[in-house]
Amino acid sequence: MPVSSIIVSEACRQLAARSQQDGGQPLCFAVVDDSGALIYLYRMDGAPERLIRIATGKAYTAARMGVSTVLFRQRLLHEQLTLSDFLDEQFTSLPGGEPLFDDGGLVGAVGVSGRALEEDTLLCRQFAELILYGERMIHNGSWPAKTT
């Protein structure tokens, strides 16, 4: 099942708002489908344009490899591989990309860029969790939340 653009935009809005309040550098968020094609991109005010390609590359790599870019980077180091061994110019080994799995199947991936790599990784995991939580709410019939 494809990722809902409504869920993605809400998850991005929430995480961007939190990130803006912490006073850190502005971020770029990317979401790709299961093939790695870009379906959503958000660049916070003041975020450098170069972050677009970096966040998109992180999401693309996570989708194509089916693992986080942290694990992909570890594999490269452990097996003494290089990015060029994979014959895909869009791959990156920068941490901050996470695959999205729903019912065991890959449905897409997310990438975050703009902060230190450890922080990008943490924010990316939060972004992925927000999206998957929203998707579960839709499947359970509790989205949008009803107010009384």
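The values are calculated or read from the model by the stated rules, or taken from the named source; none is laboratory data. In this text the structure is predicted, and so the values were computed from the model without any measurement. Cβ placement follows ideal geometry from the backbone for every residue including glycine, while neighbour counts extend to all protein chains displayed.
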Notebook entry, point to check: So Pro2 fits all but one of (1) under 17 Å from Gly114 (Cβ atoms); (2) more than 14 Å from the chain's Cα centre (by Cα); what number is the exception?
Noted result: (1)
Next item on the list: Might you let me know whether segment 42-63 holds any residue that is without any contact (Cβ under 8 Å) to a residue 40 or more places away in the chain, in contact with a helix residue (DSSP H, G or I) (Cβ under 9 Å, 6 or more places away or on another chain), among the hydrophobic types (A, V, I, L, M, F, W, C) and more than 17 Å from Ile131 (Cα to Cα)?
Entry: no
Item checked: Among residues of segment 54-82, those that are out of contact with any strand residue (DSSP E or B) (no Cβ under 9 Å at 6 or more places or on another chain) and within 14 Å of Asp120 (Cβ to Cβ), counted -> 1
Checklist line | Top-ranked residue of segment 65-93 - restricted to ones that are in contact with a Lys or Arg (Cβ under 8 Å, 6 or more places away or on another chain) and over 18 Å from Val31 (Cβ atoms), ranked as surrounded by the most Cβ atoms within 10 Å (Cβ to Cβ) | finding: Ser93
Margin query: Quick check on Leu81: is it of a type in the set (A, V, I, L, M), assigned to a helix (DSSP H, G or I) and out of contact with any His (no Cβ under 6 Å at 6 or more places or on another chain)?
Written below: no
Notebook entry, point to check: Considering only residues of segment 22-40 that are modelled with pLDDT of 90 or more and either assigned to a loop (DSSP other than H, G, I, E, B) or more than 12 Å from the chain's Cα centre (by Cα) (or both), which is farthest from Ala109 (Cα to Cα)?
Noted result: Gln25
Item checked: Tally of residues being surrounded by fewer than 21 Cβ atoms within 10 Å (Cβ to Cβ) and touching a strand residue (DSSP E or B) at 6+ places or on another chain (Cβ under 7 Å) across segment 17-43 -> 8
